[in-house]
Amino acid sequence: QVQLVESGGGLVQAGGSLRLSCAASGRSFGSYAMGWFRQAPGKEREFVAVISRSSGSRYAESVKGRFTISRDSGNNTVYLQMNSLKPEDTAVYYCAAKISSWNALPETQYDYWGQGTQVTVSS
């Protein structure tokens, strides 16, 4: 069992930056691939980024080159650094965990989810 708590959301102007954090409690953080997803009003939740157990990463095309995912296994935390933010990045951002093999970069069927943190980008 893993509990995930996101933080770091807020209001930022277009072009600005935010860093989201996701603290994981429970055992075996190293057994999970960790992902970030987002859901904008009236839209379905979408994949943003994933980091594997081996710290490989994959990004959605819409955020590639602007967002960076990282993990700190010593602190059981995963981060999402978001730069050059755009109004279309406005959404609730969710952290998720999936039991995975060493190099897996899953985009679906996650096992655990956080409660979400709101990111609003003004134009």
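General observations
- Pairs where the first residue, in region 99-119, is within 19 Å of Ala23 (Cα to Cα) and polar (S, T, N, Q) and the second is modelled with pLDDT of 95 or more and outside any loop (DSSP other than H, G, I, E, B), C-beta under 6 Å, 6+ apart: Ser100/Ala33; Thr117/Glu6; Thr117/Tyr93; Gln118/Val92
- Failed condition for Val119, given (1) part of a strand (DSSP E or B); (2) under 18 Å from Val2 (Cα atoms): (2)
- Residues (of a type in the set (D, E, K, R), within 17 Å of Trp102 (Cβ to Cβ) and open to solvent by 60 Å² or more (accessible area, probe 1.4 Å)) located in region 25-84: Arg53, Arg58
- If you filter region 85-97 down to residues that are of a type outside the set (A, V, I, L, M, F, W, C) and farther than 18 Å from Gln3 by Cβ, you find that the one that is surrounded by the most Cβ atoms within 10 Å (Cβ to Cβ) is Asp89.
- Evaluation of Asn75 against (1) out of contact with any Gly (no Cβ under 6 Å at 6 or more places or on another chain); (2) at pLDDT 95 or above (one fails), failing number: (2)
- Per this entry, Trp36 is counted among residues that are aromatic (Phe, Trp, Tyr), touching a residue at least 60 places away in the same chain (Cβ under 8 Å) and out of contact with any His (no Cβ under 6 Å at 6 or more places or on another chain).
- The set of residues in region 1-17 that are modelled with pLDDT of 95 or more and open to solvent by less than 30 Å² (accessible area, probe 1.4 Å) comprises Leu4, Glu6, Gly10, Val12, Gly16.
The values are calculated or read from the model by the stated rules, or taken from the named source; none is laboratory data. Model, not experiment: these values are computed from the prediction. When we count neighbours, we look across all protein chains shown, and the Cβ atoms used for this are built from the backbone with ideal geometry, even at glycine. Areas reflect the complete protein model, heavy atoms only, side chains present, ligands, DNA and RNA absent. Shrake-Rupley method; radii C 1.70, N 1.55, O 1.52, S 1.80 Å.
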